[in-house]
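The values are calculated or read from the model by the stated rules, or taken from the named source; none is laboratory data. Bear in mind the structure is a predicted one, so any value in this text is a computation, not a measurement. Please note: Cβ atoms are built from the backbone with ideal geometry, for glycine as well, and neighbour counts cover all protein chains shown.
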């Protein structure tokens, strides 16, 4: 699992861009809150997903609110 996603968090969706080199993971924490994180994948990293921001610290009451926040924060996800 990519860094910045705690193993106790359940990834609900992983949305990739058209080039498959960026993704946003939406997840649910054990406390019932939701969040997201953005990742990139570059050839020089052997295809490993690398976090590009610190979005995972924010908590949202619903998955829809987390997705709305992700769309506002991650330009390509609009």
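Does the range 32-51 contain at least one residue that is within 11 Å of the chain's Cα centre (by Cα) and exposed (fewer than 14 other Cβ atoms within 10 Å of the Cβ)? So far as the range 32-51 goes, yes, one or more of its residues are within 11 Å of the chain's Cα centre (by Cα) and exposed (fewer than 14 other Cβ atoms within 10 Å of the Cβ).
No other residue among 26, 67 is modelled with pLDDT of 95 or more and either in a helix (DSSP H, G or I) or out of contact with any helix residue (DSSP H, G or I) (no Cβ under 6 Å at 6 or more places or on another chain) (or both) apart from 67. Selection of first residues in the range 56-78 that are within 19 Å of residue 6 (Cβ to Cβ) and of second residues that are assigned to a helix (DSSP H, G or I), restricted to Cβ pairs under 7 Å at least 6 apart or on distinct chains, gives the following pairs, ordered by first then second residue: 58/69; 60/66; 60/69; 70/77. Checking each residue in the range 11-20 for being surrounded by 13 or more Cβ atoms within 10 Å (Cβ to Cβ) and over 11 Å from the mean Cα position of the chain (by Cα) picks out only 17.
Within the range 34-55, the set of residues being part of a helix (DSSP H, G or I) and either touching a strand residue (DSSP E or B) at 6+ places or on another chain (Cβ under 9 Å) or touching a residue at least 12 places away in the same chain (Cβ under 8 Å) (or both) comprises just one member, 55. Remark: residue 31 matches the filter, which requires a residue to be part of a loop (DSSP other than H, G, I, E, B) and either out of contact with any helix residue (DSSP H, G or I) (no Cβ under 7 Å at 6 or more places or on another chain) or at pLDDT 90 or above (or both).
Residue 20: modelled with pLDDT of 95 or more and touching a strand residue (DSSP E or B) at 6+ places or on another chain (Cβ under 9 Å), yes or no?
Details: modelled with pLDDT of 95 or more: no; touching a strand residue (DSSP E or B) at 6+ places or on another chain (Cβ under 9 Å): yes.
Judged against the criteria, residue 20 is not a match.
Selection of first residues in the range 1-19 that are on the phi > 0 side of the Ramachandran plot and part of a loop (DSSP other than H, G, I, E, B) and of second residues that are surrounded by 13 or more Cβ atoms within 10 Å (Cβ to Cβ) and modelled with pLDDT under 95, restricted to Cβ pairs under 6 Å at least 6 apart or on distinct chains, gives the following pairs, ordered by first then second residue: 4/51; 4/56.
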